[in-house]
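Inspection log for the structure reproduced underneath, given as structure tokens.
The values are calculated or read from the model by the stated rules, or taken from the named source; none is laboratory data. Bear in mind that the values here come from a model prediction, so they are computed numbers and not experimental data. Here the Cβ positions follow ideal geometry from the backbone for every residue, glycine too, while neighbour counts run over all protein chains shown. Ligands, DNA and RNA are stripped out before the accessible areas are found, and what is left, the full protein with its side chains, is counted by its heavy atoms. Shrake-Rupley method; radii C 1.70, N 1.55, O 1.52, S 1.80 Å.
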Amino acid sequence: MEEIKKYITDIIRRIATSFARFTALPLTRIFTPSPADEIKAMVFWPFVGWLSGAVAAVVILLLSPWTGLPIAVGVAIGVRCILLAMRSETGLAALFSAIVNKKRGTEALEHMEQYAFDAPGATIVAIAWALLWWSLSAMDAPSAAITIIAADAYARMISGQSIQMMPCASVRAPLVTTPPYDRLGIADGIVYFIVGILPLAALLWISGGNVRWDLLIFAPCLVMYFMYLLIWRRFGGYTDKTISAMQLTAELVCCAVVALSI
């Protein structure tokens, strides 16, 4: 019984650590993640997609009958940015800024770690928001709601696998605050996959075959692969910002595939 209780407590702490690290929820006021919790935070990262996607979906479903879908989607994007403290947008902006400013290696990592929005970063974020808004506004409200949940969780699942494919950049650049996340074991990998894929499976089932499942699954993976090559060759490892940039890009591809299928 004690072992079961300890196991459940560990799971709750790891989920809470993921929410504390990757959202703006003030969870650290009620508990302090340990270093052991921090390095395992990525295991439940797709759960953050469930939360942020669900919040955006509720906003869309509640507001769209009164304001129309385009305004509801815009509000949902804003609410999600507040909930996540714009971590994905900041990651994408920092990555794009480092590329535009021709930064490489340790210099690029330090640029991203100390990043404040500049013109290239603001531009790429505006494009990302516009694409997300267009994609969701092109659907009906229920489709937009399930799509934002599915795309958020699935994109986190595939982009987070970069921790399996390259080392943490904090080994090379002391200024980088990303911990070297534990690589997923078999049990953790199964949980990680299930949490990330379930909303996508629900989307495909609800769509009744109207959405190209092959494009929806493989197009984000292709984007993730090429971004992995870029990050590995230019930066030599992952950080929270590079993982977040991959997540947002993969999510945009998911939403665009659904929008073009309807």
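Checked against (1) more than 16 Å from the chain's Cα centre (by Cα); (2) under 30 Å from Asp140 (Cβ atoms); (3) assigned to a helix (DSSP H, G or I); (4) not aromatic (Phe, Trp, Tyr), Leu230 passes all but a single condition, namely (2). Residue count for region 205-223 under the criterion of being open to solvent by less than 40 Å² (accessible area, probe 1.4 Å), in a helix (DSSP H, G or I) and modelled with pLDDT under 90: the result is 1.
Here is a yes/no grid of residues against (1) modelled with pLDDT of 90 or more; (2) open to solvent by 10 Å² or more (accessible area, probe 1.4 Å):
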site	(1), (2)
Leu92	yes, yes
Ala108	no, no
Glu113	no, yes
Phe117	no, yes
Gly121	yes, no
Ile124	yes, yes
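Helices (runs of 4 or more DSSP H) wholly in region 118-204 with at least 2 residues that are touching a residue at least 24 places away in the same chain (Cβ under 8 Å) and over 30 Å from Pro70 (Cα atoms) - which ones? Don't jump to the end; show me each part of the working.
Values: elements: 119-137, 141-159, 162-165.
Where helices (runs of 4 or more DSSP H) fall fully within region 118-204 and carry at least 2 residues being touching a residue at least 24 places away in the same chain (Cβ under 8 Å) and over 30 Å from Pro70 (Cα atoms), they are 162-165.
Against the conditions (1) without any contact (Cβ under 8 Å) to a residue 60 or more places away in the chain; (2) within 26 Å of Pro142 (Cα to Cα); (3) open to solvent by 40 Å² or more (accessible area, probe 1.4 Å), Gly74 satisfies every one except (3). The residues listed here are Ala250, Ala256; of these, the one that is at pLDDT 90 or above, of a type outside the set (Val, Ile, Thr) and crowded, with 22+ Cβ neighbours inside 10 Å is Ala250. Against the numbered list (1) more than 19 Å from the chain's Cα centre (by Cα); (2) more than 25 Å from Tyr238 (Cα to Cα), Leu136 comes up short only at (1). Across region 23-43, what is the number of residues that are within 21 Å of the chain's Cα centre (by Cα), open to solvent by 20 Å² or more (accessible area, probe 1.4 Å) and in contact (Cβ under 8 Å) with a residue 40 or more places away in the chain? So the answer is 5. Looking across region 9-22 at every residue that is farther than 15 Å from Asp188 by Cβ and in contact (Cβ under 8 Å) with a residue 12 or more places away in the chain, the one that is surrounded by the fewest Cβ atoms within 10 Å (Cβ to Cβ) is identified as Phe19. Residues that are under 21 Å from Leu95 (Cα atoms), among the small types (Gly, Ala, Ser) and open to solvent by 10 Å² or more (accessible area, probe 1.4 Å) within region 143-178 comprise just one, Ser170. Among the residues of region 83-117, the one identified as free of Cβ contacts under 8 Å to residues at least 24 places away in the same chain and of a type in the set (S, T, N, Q) is Asn101.
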